[in-house]
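Single-structure report; data block below.
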Amino acid sequence: CRRMNVLLGVIQTSLSDLEKGLNGQLNMTQAMEDLCTAFTISQWPGRNPYAQCVWEKFAWPSKKALLPQYADMIRRHGQLTAWTEELATPISVWLSGLFNPMAYLTGVTQVTSRATGQPLDKMTQETHLTTYKDASAIPPEATFPENGAFVHGLF
């Protein structure tokens, strides 16, 4: 959540500064011009290595254009908000929507290791497909898998 909050803060600040710059309340800086350029070419700001607008620095690795990456950000924020409101692991996690999916998988492996009494260095990860078309198809009364977790959104 901390990384998402930092990213949202950077976006809010840069957009606010850009609005003030366009209204003449602030002098236009190079970062504001870089933000305008990125918007003009539909690129996530900061993807140009010489840009001073640094959204890319705080975001996740992606090569998507501005609108698809913004839509991903909204979905990621929704997943994190739902997760923190309930303070419980959701029945299925959008794995691609995490900043560091490997950390989640490592955590699942550690929890499974403790639950089964197996040494962590002997644990492996396997993928089993289900018949669910998407996460909303999982019935509300469903329980977590005995060993592991449900994930969705793999590419």
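The conditions of being modelled with pLDDT of 90 or more and over 28 Å from Leu8 (Cα atoms) are not met by Leu67.
When Gly117, Gly107, Gly97 are checked against the criterion of being at pLDDT below 90 and among the small types (Gly, Ala, Ser), Gly97 stands alone in meeting it. Among residues of the stretch 116-145 being small (Gly, Ala, Ser) and open to solvent by less than 80 Å² (accessible area, probe 1.4 Å), the one that is farthest from Leu95 (Cα to Cα) is Gly117.
Every condition in (1) modelled with pLDDT under 90; (2) out of contact with any strand residue (DSSP E or B) (no Cβ under 7 Å at 6 or more places or on another chain) holds for Gln79 except the one numbered (2).
The values are calculated or read from the model by the stated rules, or taken from the named source; none is laboratory data. The structure displayed is predicted, hence computed values, not measured ones. Here the Cβ is made from the backbone with ideal geometry for all residues, glycine too, and neighbour counts use every protein chain on show. Note: accessible area is taken over every heavy atom of the protein model, side chains too, but ligands, DNA and RNA are not part of it. Shrake-Rupley method; radii C 1.70, N 1.55, O 1.52, S 1.80 Å.
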